[in-house]
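The values are calculated or read from the model by the stated rules, or taken from the named source; none is laboratory data. Here the structure is a predicted model, which is why all the values come from computation and not from measurement. Note that each Cβ is placed from the backbone with ideal geometry, even for glycine, and that neighbours are counted across all protein chains shown. The protein model used for the area step is the full one, side chains on, heavy atoms only, and it has no ligands, DNA or RNA in it. Shrake-Rupley method; radii C 1.70, N 1.55, O 1.52, S 1.80 Å.
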Amino acid sequence: TQVKVFVTFIIEKDGSLSDVKLFRGVSADIDAEALRVVKNSPKWIPGMQGGKPVRVQYFLPINFSLSAK
């Protein structure tokens, strides 16, 4: 079975993430894991406008494959 969690966040000018929030979740455990993965990700490449880095809001779908044990 596959489920999808949606996370939204801001990519800052230096590539760090802020305001990481769950947009649409599935269950407490899966939602917490999606947030943990995004918050612990390495720095991102910031958006560019006129050759200068700018803050960008990002919307990220994360797919989970669930298997019965």
Sole residue being in contact (Cβ under 8 Å) with a residue 40 or more places away in the chain and surrounded by 13 or more Cβ atoms within 10 Å (Cβ to Cβ), chosen from 60, 66, 35: 60
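Just a yes or no: is a residue in segment 21-28 assigned to a loop (DSSP other than H, G, I, E, B), surrounded by 15 or more Cβ atoms within 10 Å (Cβ to Cβ) and at pLDDT below 95? Break it down into steps so the answer makes sense when it comes.
From segment 21-28, those assigned to a loop (DSSP other than H, G, I, E, B) are 25-27; that's our starting set.
From what's left, surrounded by 15 or more Cβ atoms within 10 Å (Cβ to Cβ): 25-26.
Keeping just the survivors that are at pLDDT below 95 gives 25-26.
The answer is yes, given that some residue of segment 21-28 is assigned to a loop (DSSP other than H, G, I, E, B), surrounded by 15 or more Cβ atoms within 10 Å (Cβ to Cβ) and at pLDDT below 95.
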Residue count for segment 1-11, restricted to those that are open to solvent by less than 40 Å² (accessible area, probe 1.4 Å), farther than 11 Å from residue 62 by Cβ and out of contact with any Pro (no Cβ under 7 Å at 6 or more places or on another chain): 3
Filter result for the condition that a residue is surrounded by 11 or more Cβ atoms within 10 Å (Cβ to Cβ) and among the charged types (D, E, K, R), over 52, 43: 43
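Can you name every residue in segment 52-69 that is in a loop (DSSP other than H, G, I, E, B) and at pLDDT 95 or above? Working first, answer last.
Step one: list which residues in segment 52-69 are in a loop (DSSP other than H, G, I, E, B), which gives 55, 66-69.
Hit for segment 52-69 is 55, nothing else.
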